[in-house]
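Working notes for the structure below.
The values are calculated or read from the model by the stated rules, or taken from the named source; none is laboratory data. Every value quoted in this text rests on a predicted model; they were computed, and no experiment measured them. Note that each Cβ is placed from the backbone with ideal geometry, even for glycine, and that neighbours are counted across all protein chains shown. Side chains are part of the model used for accessible areas, which takes the heavy atoms of the whole protein and leaves out ligands, DNA and RNA. Shrake-Rupley method; radii C 1.70, N 1.55, O 1.52, S 1.80 Å.
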Amino acid sequence: MLLNRTTSSTSTSETSLITHRGPWDAHSRQYKSLRFLERYLDTLDESKLKSTPCTTFFSPNAVFHDTKGDVYLSGSHIWAWMKRLFAPFESVTHEIVEVRVIPETEDRVVVYGEFVRHFRMRGDKTDIVSPMFCIVTIGPAECEGGTDGLQIYEASVFWDTGILSRYAKRRDEEQKERR
């Protein structure tokens, strides 16, 4: 668990640099972009993808770059892919290392986030842990929906996807040995 809990900024405005470390707290929730990111990650963490419309977080014209170099166009395609990606897991949680919010334009910010992602396969008692880095552009909602009037326009995620396949292979081998 990370002990360094801080949120710092040169002001309370979304047009200034914001840095946050550690779990979400009352101070981080003062910033609209950090509140949005917290709600987005909570939706992933609590496996609410199936019951949440894609426009809650993604612009209809959003672009998502995954770690393998695949590109998903449109909020609905991104959301459908994420549902498939997270379906095998009982839980997925994100431990914050550091998040930086940098103004891009008057109404858009870019979030650079470093996390430790915990996956728990259905029926398992231990987590699969992988570091993750993401770059997310957030701006005003382009359609009805959004969260706090915001949506994701573009996102890129970088993490070791091979860790899951190595874990699954090891798990299969262990189950074969038990038979």
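Specify the residue that is nearest to ILE18 (Cα to Cα); the eligible residues are those in region 91-134 that are among the polar types (S, T, N, Q) and not in a strand (DSSP E or B). Within region 91-134, the match that is nearest to ILE18 (Cα to Cα) is THR105.
Within region 44-81, being of a type outside the set (Val, Ile, Thr), in contact (Cβ under 8 Å) with a residue 40 or more places away in the chain, open to solvent by 30 Å² or more (accessible area, probe 1.4 Å) and under 15 Å from CYS143 (Cα atoms) holds for PRO53, PRO60, ASN61. Contact map, region 151-179: first residue over 30 Å from PRO140 (Cβ atoms), second residue outside any helix (DSSP H, G or I), Cβ cut-off under 7 Å, separation 6 or more or different chains; pairs are ASP160/SER130; THR161/THR67; THR161/LYS68; ILE163/ILE128; ILE163/SER130; LEU164/PHE119; LEU164/ILE128; TYR167/ILE128. For first residues located in region 100-115 and under 21 Å from LEU41 (Cα atoms) and touching a residue at least 12 places away in the same chain (Cβ under 8 Å), partners that are part of a strand (DSSP E or B) and among the charged types (D, E, K, R) and lie 6+ apart or on another chain with Cβ distances below 6 Å form the pairs TYR112/ARG100; GLU114/GLU98. Only residues that are aliphatic (A, V, I, L, M) and within 15 Å of ARG100 (Cα to Cα) were counted in region 15-64, giving 4. Among the residues of region 97-117, what is the count of those that are in contact with a helix residue (DSSP H, G or I) (Cβ under 9 Å, 6 or more places away or on another chain) and either closer than 18 Å to GLY162 by Cβ or open to solvent by 10 Å² or more (accessible area, probe 1.4 Å) (or both)? So the answer is 2. Checking each residue in region 82-96 for being open to solvent by 40 Å² or more (accessible area, probe 1.4 Å), farther than 15 Å from PHE158 by Cα and not acidic (Asp, Glu) picks out LYS83, ARG84, ALA87, PRO88, THR93.
When region 116-138 is filtered for residues that are more than 23 Å from THR67 (Cα to Cα) and in contact (Cβ under 8 Å) with a residue 24 or more places away in the chain, the ones remaining, listed by number, are ARG122, GLY123, ASP124. Just wondering, is there one or more residues in region 146-169 that are more than 28 Å from THR52 (Cα to Cα) and in contact with a strand residue (DSSP E or B) (Cβ under 6 Å, 6 or more places away or on another chain)? So far as region 146-169 goes, yes, one or more of its residues are more than 28 Å from THR52 (Cα to Cα) and in contact with a strand residue (DSSP E or B) (Cβ under 6 Å, 6 or more places away or on another chain). Scanning region 128-179 for residues that are in contact with a helix residue (DSSP H, G or I) (Cβ under 9 Å, 6 or more places away or on another chain) and open to solvent by less than 30 Å² (accessible area, probe 1.4 Å) returns ILE128, SER130, VAL136, ILE138, GLY146, THR147, LEU150, GLN151, ILE152, ALA155.
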